[in-house]
Amino acid sequence: MRKLIVLVILFLSVTNVICLTNFALISSLINPAASDVAFGLNSGAADIYNMNPLSAWSNPAKLGYQKGLSYGYSHDPYLEDTFSDIYMRSSYLSFGWNGIGILMPAPSAESRWGNVMSFGTQEYIDHEGNLISSFESYESSSKFAVGVNTIEFATNFINNDFIKNLTFYGDISLGYNYDILYSKLGPSTGVTDHSNGTAESHSSGYGIIGRLSPFNQYNATNQFYRLDFTAGLYLLNPEKNRVTYNGSLPSEPLPYGTRSAFSGKFSLDLKIIPSFDNSDIRNFIDNIITVYYSQDNAQYGEEEKQNPGTWGEGLEITFFDFFSIRKGKYIDRKGELIGDTDGMGFNLNYKDIIQFQYNLVEFPGGGLQNRQDKTDFLFRIDLLRSYNLVKGK
């Protein structure tokens, strides 16, 4: 009797993505950004402050806020307490300049790029218990995306003081992504040709984010606080594309739905302590303390078909732009997965030119494993600012 891949996939779908067993390539719904997961598993649709390319998973409009060249990588051991050879890895590059950003997949695992969920080694055994063959099974999603901060990008072509001042108080960013999806899960029942278990398809998405900063003071030298409000909406696979596995006649639907979010961020600048503001510490730190709140909703599939969606919220407190503590809650509205998320992050940023960040999160795992964890890191460099620094500008 062969080892059933279907059983493993069922476990995966139960642990993180509830009520979605009718979808194919469910692994594409796993959030790769550890810092976003800390606010609820599907969170991040309005978090414009996360410079990690992985964060564009939740909403490509976030790319309109990217600055410089960034590389993000995450590792999720997934069900390590139950299946040691199952894991998810994600690897992406992004580049942002003056209101426009692009996202490209980078090498990850299993000779694939972008997001890769490995299901480990699968074995095929005959009725007498003899090994017929074995192979590595996995799913992957390679995401290409672009985001445009419309008002900031317009200032590149319109020399107008009103437009430039407007970016200080608010903006609107639009995004689009195109995903190449690949699955290698094994042959159909009773078939030994491994190519019969493969499938390739594509999906797309559209996002929008708006920011409002009503209390900002333009060019104010003595303003020691900042308050931002953001809201985001992402439409996943509005075309409702499907996928057909080789060797299988009926096609299966790919995940589709919406993500929406609201967030607020308050920060106290170093200006509140003049001795700090006038010291070299300003090269690494802008704020004494920052408080960020996010509330996210996700609706995959159709609500009228008994899928009420998920909800998450979280709070992040960051001290001296270096150390962050994150606490959140995730609720599957059908009541099958409810739990707390806990995370932390370390951030080093020199003059907003070179940045390194490390994040860790622990979140509810479901039936097979009570808690799971995920880590990611970011390396970012602003090439234009680096050039100007070298030239002494």
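Okay, here's what the table says:
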quantity	calculated
Every residue from the stretch 344-360 that is in a strand (DSSP E or B) and either under 17 Å from Asn370 (Cβ atoms) or of a type in the set (A, V, I, L, M) (or both)	Met344, Leu348, Ile354, Leu360
Qualifying position, being in contact with a strand residue (DSSP E or B) (Cβ under 7 Å, 6 or more places away or on another chain), of a type in the set (Ser, Thr, Tyr) and free of Cβ contacts under 8 Å to residues at least 24 places away in the same chain, among Ser118, Ser108, Ser142, Ser134	Ser134
Pairs with Cβ under 6 Å, 6+ apart, first in the stretch 325-342 and over 11 Å from Gly314 (Cα atoms), second at pLDDT below 90 and among the small types (Gly, Ala, Ser)	Arg333/Gly309; Leu337/Gly366
Residue that is surrounded by the fewest Cβ atoms within 10 Å (Cβ to Cβ) [pool: residues in the stretch 233-271 that are among the aromatic types (Phe, Trp, Tyr) and assigned to a loop (DSSP other than H, G, I, E, B)]	Tyr256
Search result, residues across the stretch 78-125 that are polar (S, T, N, Q), buried (at least 18 other Cβ atoms within 10 Å of the Cβ) and either modelled with pLDDT under 80 or more than 30 Å from Ala154 (Cα to Cα) (or both)	Ser90, Ser91, Ser108, Asn115, Ser118, Gln122
Residue among Gln299, Gln306, Gln295 that is modelled with pLDDT under 95 and closer than 21 Å to Ser263 by Cα	Gln299
Residue count for the stretch 170-186, restricted to those that are over 30 Å from Gly120 (Cβ atoms) and surrounded by fewer than 22 Cβ atoms within 10 Å (Cβ to Cβ)	4
Within the stretch 266-314, tally of residues that are more than 30 Å from Asn237 (Cβ to Cβ) and not aromatic (Phe, Trp, Tyr)	23
Any hit, the stretch 34-45, residues being in contact with a strand residue (DSSP E or B) (Cβ under 9 Å, 6 or more places away or on another chain), modelled with pLDDT under 95, surrounded by fewer than 23 Cβ atoms within 10 Å (Cβ to Cβ) and not in a strand (DSSP E or B)	no
Flag for Phe144 being in contact with a His (Cβ under 6 Å, 6 or more places away or on another chain) and within 22 Å of Gly114 (Cα to Cα)	no
Residue ID - modelled with the lowest pLDDT, chosen from residues in the stretch 174-222 that are small (Gly, Ala, Ser) and assigned to a helix (DSSP H, G or I)	Ser195
All positions within the stretch 361-388 that are at pLDDT 90 or above and not in a strand (DSSP E or B)	Asp382
Residue match in the stretch 7-17 (condition: assigned to a loop (DSSP other than H, G, I, E, B) and at pLDDT below 90)	yes
When residues of the stretch 58-68 are limited to those that are in contact with a helix residue (DSSP H, G or I) (Cβ under 8 Å, 6 or more places away or on another chain) and over 13 Å from Glu152 (Cα atoms), the one surrounded by the most Cβ atoms within 10 Å (Cβ to Cβ)	Lys62
Qualifying positions in the stretch 315-340 - in contact with a Lys or Arg (Cβ under 8 Å, 6 or more places away or on another chain), modelled with pLDDT of 95 or more and buried (at least 16 other Cβ atoms within 10 Å of the Cβ)	Glu316
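Yes or no, residue by residue, for (1) out of contact with any Phe, Trp or Tyr (no Cβ under 7 Å at 6 or more places or on another chain); (2) farther than 30 Å from Gly68 by Cβ:
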site: Glu316; (1), (2): no, no
site: Phe320; (1), (2): yes, no
site: Phe323; (1), (2): no, no
site: Lys329; (1), (2): yes, yes
site: Lys334; (1), (2): yes, yes
site: Thr341; (1), (2): no, no
site: Lys351; (1), (2): yes, no
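The values are calculated or read from the model by the stated rules, or taken from the named source; none is laboratory data. Quick caveat: nothing in here was measured; it's all calculated off a predicted structure. Neighbour counts are summed over all protein chains in view; Cβ atoms, including those assigned to glycine, are modelled from backbone coordinates with ideal geometry.
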